[in-house]
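Comments concern the structure below.
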Amino acid sequence: MNHHSRIYIAGHRGMVGSAIWRALEAKGYSNLIGKTSAELDLRNQKAVSDFFQTEKPEVVIDAAARVGGILANNEYPYPFLMENLQIQNNLIDYSLKADVKKFIFLGSSCIYPKLAPQPLKEEYLLTGPLEPTNEWYAVAKITGVKACEAIRKQFGKDYISLMPTNLYGPYDNFDLKTSHVLPAMIRKFHEAKQSTVDGRQSTVSLWGSGTPMREFLFVEDLADAVVFALENKFEDNLYNVGTGADLTIRELAELIQKTVGHAGEIIWDSSKPDGTPRKLMDVSKMEKAGWKAKVGLEEGIKRTYVWFLEHQDSFKEVKI
């Protein structure tokens, strides 16, 4: 790659895509291509075909997806399966047809079996049943991983898949019905801090028992990993991207509560699902390739909350 290579970032307005865009610009890449969903519907085969014929990208980074937390995945299984399949299949297939030099597919740690040994290694893929609360999204992402692997095997092209752990950061989705756990907590604790009952800050109700363990990666670290993958040739097709460290959801809540400055009570609603008991990534393969995360969780939450405060009136919400 050189700094004038035509690089298309699918989903460049989202949390991940915008972070990748900023990271590439900071490194001097000057020929970036981005299309809004209104300009290019990635679910539409003909629209995607026409785009590749017109724009002729040399590199494609797939950061486009329908995403959401447990609630959204549970209540809207069909769009989480079908729309993600449509988006990625169109991008992968037309990249191959257009002889795109490099394709970077971004997935999620939810592709691994629910009860796989911890930490999760890349070779655990397809060795057991998935977590039911997000299997629709996971099945789509697994298909994308295998499609890139098939192209790599059959055509020898540099198509790779990066599987990030739970992401958070600027431009996250803070809609309480469709967001992931960390941004939802930031919003809940902030709004409870602003609300008082009898002189006391409002309580915050959180899903589950608080015992599941999760790993979190600041989105700018993922963007840095994508740039690293762009600039280097990897030996294999699938790499985990994370910090290699996790904590309980209860510990996460207490850290966010402290960062936000909320002094009220936390109530755990055990009638709500916990999801997968633990999802810690084995990141040794990525570290062996030469990349490691830099931003600690406490620093990342502080930076995310600062962004949230600056964008309260305009931050992204995702309605389904």
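Listing for the model above:
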item	result
Verdict on residue 85 being part of a helix (DSSP H, G or I), open to solvent by 30 Å² or more (accessible area, probe 1.4 Å), modelled with pLDDT of 95 or more and touching a Ser or Thr at 6+ places or on another chain (Cβ under 8 Å)	yes
Any hit, segment 278-294, residues being out of contact with any Leu (no Cβ under 8 Å at 6 or more places or on another chain) and within 24 Å of residue 190 (Cβ to Cβ)	no
Those residues of segment 162-185 which are farther than 16 Å from residue 206 by Cβ, touching a strand residue (DSSP E or B) at 6+ places or on another chain (Cβ under 9 Å) and of a type in the set (Val, Ile, Thr), in sequence order	165
Cβ pairs under 6 Å, 6+ apart, first in segment 128-146 and aliphatic (A, V, I, L, M), second assigned to a helix (DSSP H, G or I)	130/138; 138/110; 138/111; 140/81; 140/84; 140/85; 142/111
Residue that is modelled with the lowest pLDDT, among those in segment 287-312 that are surrounded by fewer than 16 Cβ atoms within 10 Å (Cβ to Cβ) and in a loop (DSSP other than H, G, I, E, B)	312
Hits in segment 121-132 (condition: at pLDDT 95 or above and part of a helix (DSSP H, G or I))	122, 123, 124
Residue that is most open to solvent (accessible area, probe 1.4 Å), among those in segment 185-196 that are within 10 Å of residue 264 (Cα to Cα) and not small (Gly, Ala, Ser)	196
Boolean, residue 261 is out of contact with any Phe, Trp or Tyr (no Cβ under 8 Å at 6 or more places or on another chain) and at positive phi	yes
Some residue of segment 200-207 being part of a helix (DSSP H, G or I) and open to solvent by 80 Å² or more (accessible area, probe 1.4 Å)	no
Residue list for segment 274-286, restricted to those being surrounded by 15 or more Cβ atoms within 10 Å (Cβ to Cβ) and part of a loop (DSSP other than H, G, I, E, B)	274, 275, 276, 280, 282, 283
Residue list for segment 118-166, restricted to those being closer than 25 Å to residue 181 by Cα, open to solvent by 50 Å² or more (accessible area, probe 1.4 Å) and acidic (Asp, Glu)	135
Qualifying residue in segment 89-97 (condition: touching a helix residue (DSSP H, G or I) at 6+ places or on another chain (Cβ under 9 Å), of a type in the set (A, V, I, L, M, F, W, C) and not in a helix (DSSP H, G or I))	no
Within segment 133-163, tally of residues that are under 26 Å from residue 70 (Cα atoms) and either aromatic (Phe, Trp, Tyr) or outside any helix (DSSP H, G or I) (or both)	5
Close pairs (9 angstrom Cβ cut-off, 6 or more residues apart or separate chains): touching a residue at least 12 places away in the same chain (Cβ under 8 Å) and β-branched (Val, Ile, Thr) in segment 88-100, buried (at least 22 other Cβ atoms within 10 Å of the Cβ) and assigned to a loop (DSSP other than H, G, I, E, B) anywhere	100/57
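Listed here are the residues, each with its yes/no results for (1) modelled with pLDDT of 95 or more; (2) in contact with an Asp or Glu (Cβ under 8 Å, 6 or more places away or on another chain); (3) not small (Gly, Ala, Ser).
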position: 62; (1), (2), (3): yes, no, yes
position: 80; (1), (2), (3): no, no, yes
position: 94; (1), (2), (3): yes, no, yes
position: 119; (1), (2), (3): yes, yes, yes
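One line per residue, one yes/no per condition, for (1) closer than 23 Å to residue 145 by Cβ; (2) at pLDDT 95 or above; (3) surrounded by fewer than 20 Cβ atoms within 10 Å (Cβ to Cβ); (4) touching a helix residue (DSSP H, G or I) at 6+ places or on another chain (Cβ under 6 Å):
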| site | (1), (2), (3), (4) |
| --- | --- |
| 43 | yes, yes, yes, yes |
| 47 | no, yes, yes, no |
| 68 | yes, no, no, no |
| 75 | no, no, yes, no |
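The values are calculated or read from the model by the stated rules, or taken from the named source; none is laboratory data. None of the values given here were measured: they were computed from a predicted structure. Reconstructed Cβ throughout: ideal geometry from the backbone, glycine too, with neighbour counts over all protein chains shown. Please note that ligands, DNA and RNA were not included when accessible areas were found on the heavy atoms of the full protein model with its side chains. Shrake-Rupley method; radii C 1.70, N 1.55, O 1.52, S 1.80 Å.
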